[in-house]
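S.K.: Supplied in structure tokens, the structure appears directly below.
Since every read-out is calculated from the coordinates, none of them should be taken as a lab result. Quick caveat: nothing in here was measured; it's all calculated off a predicted structure. Cβ atoms come from the backbone with ideal geometry, glycine included; neighbour counts cover every protein chain shown.
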Amino acid sequence: MSVDNDVRAPGGDASAGELVTRLSEQMSRLVRDELALARAEMSRKGKKAALGGGMLGGAGVVGVFAVGVLIAAAVLGLATAVSGWLAALIVGAVLVAVAAVLGLTGKKEVGQATPPLPVDAIEGVKDDLNTVKEARQR
């Protein structure tokens with residue numbers, strides 16, 4: 001068994017003060033090493049998150065172009081049955097209708113989720129003020 005030069009074997013002549021000093025130094029070194037390890041791990045994870053975020057953004061851009069191509073294909077497909085301008089008008093009208101339904105539904109959901117004012121907080125403040133007023137009148 002090897003013994004570190006800084007640590008004497010049991011029964012050595014190290015005083016309690018020296019032992020406490022060594023313990024403090026070793027704890028400081030341990031904390032610094034753990035912090036360095038945590039920093040390296042977070043850096044690695046941050047790089048992976050940035051790469052993943054970039055890929056998600058790229059997927060979104062490609063998805064938008066794909067939807068555009070599908071819309072163009074719908075116009076061209078419909079244009080085999082009617083005039084090109086009429087096909088584009090029909091597909092455009094359908095898209096406007098879909099957007100309107102999505103917008104109105106989204107507005108309704110947001111309106112239900114968030115009241116215009118924080119009602120619970122306002123009631124809590126009113127209750128607190130009434131309690132303080134009652135306490136002052138006594």
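S.K.: With only alpha-carbon atoms in the gyration tensor, what are the semi-axes of the equivalent ellipsoid for the chain, in Å, largest first? Mind showing how you got there, number by number?
M.R.: Numbers: eigenvalues 880, 321, 9 Å².
Listed largest to smallest, the semi-axes of the chain are 66, 40, 7 Å.
S.K.: With unit charges on the beta carbon (Lys/Arg positive, Asp/Glu negative), name the residue among Ser83, Ser28, Ala72 whose Cα is farthest towards the positive pole of the charge dipole of the chain.
M.R.: So the residue we want is Ser83.
S.K.: Could I ask something else about it? Quick check: the angle from helix 119-137's long axis to the longest principal axis of the chain, C-alpha only, nearest 10 degrees?
M.R.: 60
S.K.: Starting from 0.36 nm per residue, how many nanometres of slack lie between Val82 and Ala99 once their C-alpha separation is accounted for?
M.R.: Separation in residues times 0.36 nm, less the Cα-Cα distance, equals 3.7 nm.
S.K.: Might you report the magnitude of the Cβ-based charge dipole of the chain about its Cα centre, with Lys and Arg at +1 and Asp and Glu at -1, to the nearest 20 debye? Walk me through the numbers before you get to the answer.
M.R.: Numbers: 15 positive and 14 negative charges, 106 e Å.
Approximately 500 debye in magnitude.
S.K.: Something else now. Separation between the Ser24 and Phe65 pseudo-spin-labels, each 7 Å from Cα along Cα→Cβ, expressed in nm?
M.R.: 6.4
S.K.: State, to one decimal in nm, how far the label point of Ser15 lies from the label point of Ala73, with both points 7 Å from Cα in the Cβ direction.
M.R.: About 8.5 nm separates the two model spin labels.
S.K.: Rounded if a/c is under 1.5, else prolate if a/b beats b/c, else oblate: with a ≥ b ≥ c from the C-alpha gyration tensor eigenvalues square-rooted, which is segment 15-78?
M.R.: Values: a/c = 15.62, a/b = 11.78, b/c = 1.33.
The shape class here is prolate.
S.K.: Is segment 83-138 best put as rounded, prolate or oblate by its Cα gyration tensor, with a ≥ b ≥ c the root eigenvalues, rounded for a/c under 1.5, and otherwise prolate when a/b is larger than b/c, oblate when not? Please list the in-between numbers first.
M.R.: Details: a/c = 14.56, a/b = 9.36, b/c = 1.55.
Prolate, because a/c is 1.5 or more and a/b exceeds b/c.
S.K.: Continuing with the same structure: Taking 0.36 nm per residue of sequence separation and subtracting the Cα-Cα distance, how much length would be gained by fully extending the chain between Ser43 and Ala113, in nm to one decimal? Present the calculation step by step, with values, prior to reporting the outcome.
M.R.: Values: separation 70, 0.36 × 70 = 25.20 nm, distance 3.70 nm.
Contour length minus the Cα-Cα distance gives 21.5 nm.
S.K.: Apply the Karplus curve 6.51 cos²θ - 1.76 cosθ + 1.60, θ = phi - 60°, to the phi angles in segment 77-90 and return the couplings in whole Hz, x for Gly and Pro.
M.R.: Those phi angles translate into x, 5, 5, 6, 9, 9, 4, x, 5, 5, 4, 5, 5, 5 Hz.
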